[in-house]
Amino acid sequence: MSDFFTLSVLVATFASGMRLATPYLLAALGETIGQRSGVLNLGVDGVMLLGAFFAYWTVLETDSRLLGVAVGLGVGLTMGIAYAIVTLVFKAEQGISGIGIYLFGLGISELLFLKQVGIPRGIPSFDDLKIPLLGDIPHIGNMFFNHSMLVYLAVLMVPVLTLVVNRTTLGLNIRAVGESPEAADSLGVSVFRTRAVAILVGNGLAGLAGAALTIELGTFQNNLTNGIGFIAVALVYFGAWRPVGVLAGSLLYGLITATVTQWKTLGIVTGATASLTTMAPAVLTVIALAIIARRAADQPAALTVPFSRDG
Amino acid sequence: MMSLLHRFSGSLVPLVAALAALAVGAVVIIVLGANPLVGYGELIKGAFGSGDALADTSVRAMPLLLVGTGICIAFRAKVINIGGEGQIVVGALLSTVTALAVPDLPPIVLIPTVMLAGIIGGGIWGAIPGALKAYLGVNEILSTIMLNIVAIQVMNYLLRDPLIDPLEIQRGTRIPQTERLSENADLPILIEGTRLHLGVVIALVASVIAWVFLWRTTVGFKTRAVGHNSAAANYAGMPFKRMTMLALTYSGAMCGLAGAVLVFGSQSHRLITDGSSLGFTGSSGFNGIVAALFGGLHPLWTIPSSFLFGGLLVGANAMQRAIQIPSALVIGLNGLIVVFVVSSTSVRDRLRQAMDISRMRTQSVAAKTQPTDE
């Protein structure tokens, strides 16, 4: 255990935690925007898998990581259009259609991977970008300011989305249709259009999260996400529908995962015990949910409730 | 959720949804450079074309049917149980531990004992989110997702250390699996030479019991009432919280039974993990939801529905061999079927609502008391 509590190991573990938190953060931020507009998307994991596969395949074929990220985003947006049609036009039950999206993404990503690639081949990850000056601060620099561009992008999304939600007309509309679509509608806000935008943002970020995951790992395999998308949905509740809260939850997951991996490397825990440590965040989340549930006021009032004028 | 509670069994909606999904699948197959007619032909032959195929299909349908009957009851009480994966795993674990503890009991005692252990394990794993929802208001979708993760990691831990086959340690291979479990717990094969085992009968009986429970008992009536109109049920003095918890417990118990049957009906007669839940359950916790939805959330209609989806999953392997299209296609199509069914049901309901709208106006006060979705 004393091996773990040395400065260099702690710094390295934290830095790795930041990287591991990125896919959780991107996906959970997207889900936050969707839920603030009143739309639950349980299919995040499926969208992530599709985004991840297509990003991986693109990088494999073109060697361009940026193009891979763009394709991941594009796949997410495409799934967003589909999900907008399912939830806004057909007004399908959101919890269950999300399961359908998940199974669709799980099956199709595996199908295409086996058919088009077959044997996993490595792809290049993004190089670390050291931020001038800040990156040179001893230890702190390595913890916060020496990461790949995707990590910066994800963290930067937190203040950006906070501003958008709280300080712009679009954000006000999103919150309005999530709390009281009837009132928003009577004031001339298009519930359909606002929710569609939120769904597109949410799915786009999920696709991006998948791309970030596969490029960071430098490979793809069946069921690559292994439930990250589902955890991302829970992180939204955990973070009380606020981007900053979601950031805290994502970091917690990333740091715990990084710590467990580090402990395994150092031989502090065996492979078997590591499984038990891996489930700690899930147990914590259930406990947190039980506590948070008491202040359910944070939850958008119209979450999962479809809107139609003749109500 | 309300829209789901309207019965669409016997209607054409699920069939149209399935055909639409198969059409999408055909396009995918063509794009990937294979012949969908040959592929689907082999799929059907592989699923239903011979006695062996039918036996395999029945065995594959078994967990879907058990999970599905549980889903029927949960959804009718307006609870979404997506914790099937975890409940299957906990049921399998508890039944495995039981078989390891008392391996020498005669089959006539041991088989019911391990099945009961599965029911209890899954039931507990369903009761936890049930209690959290009923008494603390925790969203069951989230808690069941988290409990799935916990269950899988507990399984990984147990199979890598305390429950691992001693031979695996001796050989140094350390494959995370138990030893071959007691032969006295093997589910008997029903037709010699096939893989058809007693588990299929257990699943069929369970779905009939679920039907009797929902439509022939007071508790079942209350469950449906709570799901249909919780405000009215509450007003009539029905214990809403207890019903919610009961529904999730029942649903979990059925999943746990599926887990036990999966272990003792498996060909290796061991519990094996590949690190995720998919390896052991084959996504039955999710595919069972598909089967239940397809059967209109009716336990008896879920029987043919599970048989159909079991056939798709079995036949997919034959398709893979014939036209080299990976069997994962069927998982993707199952997802599409869910989306199509859920979408089309609500379309139909809205059409019905639109036609009833003039009548509704006069009863708008009554309609307002309808609970909204959580």
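May I ask you to list pairs of residues, at least six apart or on different chains, whose Cβ atoms are under 6 Å apart, with the first in the stretch B:272-284 being closer than 15 Å to B:Ala260 by Cα and more than 12 Å from chain A (Cβ to nearest Cβ) and the second being in a helix (DSSP H, G or I) and of a type in the set (D, E, K, R)?
Matching pairs, first to second residue: B:Thr281/B:Glu85.
Across the stretch B:187-201, which residue is nearest to B:Pro304 (Cα to Cα) among those that are out of contact with any Gly (no Cβ under 9 Å at 6 or more places or on another chain) and either small (Gly, Ala, Ser) or outside any loop (DSSP other than H, G, I, E, B) (or both)?
Checked the stretch B:187-201; the qualifying residue nearest to B:Pro304 (Cα to Cα) is B:Val201.
Could you go through the stretch B:251-273 and let me know if any residue there is of a type outside the set (D, E, K, R), at pLDDT 90 or above, in contact with a helix residue (DSSP H, G or I) (Cβ under 6 Å, 6 or more places away or on another chain) and surrounded by fewer than 20 Cβ atoms within 10 Å (Cβ to Cβ).
The answer is no, given that none of the residues of the stretch B:251-273 is of a type outside the set (D, E, K, R), at pLDDT 90 or above, in contact with a helix residue (DSSP H, G or I) (Cβ under 6 Å, 6 or more places away or on another chain) and surrounded by fewer than 20 Cβ atoms within 10 Å (Cβ to Cβ).
Can you run down the residue pairs with Cβ atoms below 6 Å, 6 or more apart or on separate chains, where the first is in the stretch B:73-84 and within 10 Å of another protein chain (Cβ to nearest Cβ) and the partner is in a loop (DSSP other than H, G, I, E, B)?
B:Phe75/B:Leu297
What's the number of the only condition in (1) in contact (Cβ under 8 Å) with a residue 12 or more places away in the chain; (2) more than 10 Å from chain A (Cβ to nearest Cβ) that B:Ser266 fails to meet?
(1)
Please find, within the stretch A:139-148, the residue that is farthest from the other protein chains (Cβ to nearest Cβ) out of those that are among the polar types (S, T, N, Q) and not in a helix (DSSP H, G or I).
A:Asn146
Looking at B:Leu147, B:Leu167, B:Leu204, which is the one that is closer than 26 Å to B:Thr98 by Cβ, part of a helix (DSSP H, G or I) and either of a type in the set (D, E, K, R) or within 14 Å of chain A (Cβ to nearest Cβ) (or both)?
Unique residue meeting the criteria: B:Leu147.
Within the stretch A:293-310, which residues are facing chain B (nearest Cβ under 9 Å) and either under 24 Å from A:Ile96 (Cβ atoms) or at pLDDT 75 or above (or both)?
A:Ala293, A:Ala296, A:Gln299, A:Ala302, A:Leu303, A:Thr304, A:Val305, A:Pro306, A:Ser308, A:Asp310
Out of all the residues in the stretch A:123-138, is one or more assigned to a helix (DSSP H, G or I) and in contact with a strand residue (DSSP E or B) (Cβ under 7 Å, 6 or more places away or on another chain)?
Yes, because at least one residue in the stretch A:123-138 is assigned to a helix (DSSP H, G or I) and in contact with a strand residue (DSSP E or B) (Cβ under 7 Å, 6 or more places away or on another chain).
Given the residues A:Ile96, A:Ile85, A:Ile137, which is the only one that is closer than 30 Å to A:Gly34 by Cα, over 19 Å from the mean Cα position of the chain (by Cα) and surrounded by fewer than 18 Cβ atoms within 10 Å (Cβ to Cβ)?
Result of the check over A:Ile96, A:Ile85, A:Ile137: A:Ile85.
For B:Leu214, all conditions in the list (1) of a type in the set (A, V, I, L, M); (2) at pLDDT 90 or above; (3) over 23 Å from B:Thr96 (Cβ atoms) hold save one; what is the number of the exception?
(2)
Testing B:Thr173 on (1) farther than 18 Å from B:Gly259 by Cα; (2) buried (at least 20 other Cβ atoms within 10 Å of the Cβ); (3) hydroxyl-bearing (Ser, Thr, Tyr), one condition comes back false. Which one is that?
Of everything listed in (1) farther than 18 Å from B:Gly259 by Cα; (2) buried (at least 20 other Cβ atoms within 10 Å of the Cβ); (3) hydroxyl-bearing (Ser, Thr, Tyr), B:Thr173 misses just condition (2).
From the list A:Ala82, A:Ala70, A:Ala52, which one is modelled with pLDDT of 95 or more, more than 16 Å from A:Leu150 (Cβ to Cβ) and among the aliphatic types (A, V, I, L, M)?
A:Ala82
How many residues are at pLDDT 80 or above, closer than 15 Å to B:Tyr157 by Cα and not small (Gly, Ala, Ser) if we restrict to the stretch A:277-292?
Looking only at that region, the number is 1.
Could you please tell me which pairs satisfy a Cβ distance under 7 Å, a separation of 6+ or placement on different chains, a first residue in the stretch A:90-119 that is at the interface with another protein chain (Cβ under 8 Å from one of its Cβ atoms) and among the hydroxyl-bearing types (Ser, Thr, Tyr), and a second residue that is buried (at least 23 other Cβ atoms within 10 Å of the Cβ) and not in a helix (DSSP H, G or I)?
A:Tyr102/A:Leu42; A:Tyr102/A:Gly43
Select, from B:Pro112, B:Pro129, B:Pro103, the only residue that is free of Cβ contacts under 8 Å to residues at least 40 places away in the same chain and either assigned to a helix (DSSP H, G or I) or out of contact with any helix residue (DSSP H, G or I) (no Cβ under 6 Å at 6 or more places or on another chain) (or both).
None of the others qualify; the one that does is B:Pro112.
Looking at the stretch B:299-329 only, could you name the residues that are of a type outside the set (Gly, Ala, Ser), touching a residue at least 60 places away in the same chain (Cβ under 8 Å), within 16 Å of B:Val28 (Cβ to Cβ) and surrounded by 20 or more Cβ atoms within 10 Å (Cβ to Cβ)?
The answer is B:Leu312, B:Met319, B:Ile323, B:Ile325, B:Leu329.
Within the stretch B:68-79, does at least one residue satisfy the condition of being touching an Asp or Glu at 6+ places or on another chain (Cβ under 6 Å) and of a type outside the set (Ser, Thr, Tyr)?
Yes: one or more hits.
So B:Val290 passes all but one of these: (1) under 14 Å from the mean Cα position of the chain (by Cα); (2) more than 13 Å from chain A (Cβ to nearest Cβ); (3) assigned to a helix (DSSP H, G or I). Which condition number does it fail?
Condition (2) is where B:Val290 drops out.
Against the definition (in contact (Cβ under 8 Å) with a residue 40 or more places away in the chain and of a type in the set (S, T, N, Q)), how does A:Ser180 come out, yes or no?
In short, yes.
The values are calculated or read from the model by the stated rules, or taken from the named source; none is laboratory data. Predicted model, so just to flag it, every value in this text is computed and none were measured. Positions of Cβ are backbone-derived with ideal geometry, glycine not excepted, and every protein chain shown enters the neighbour counts.
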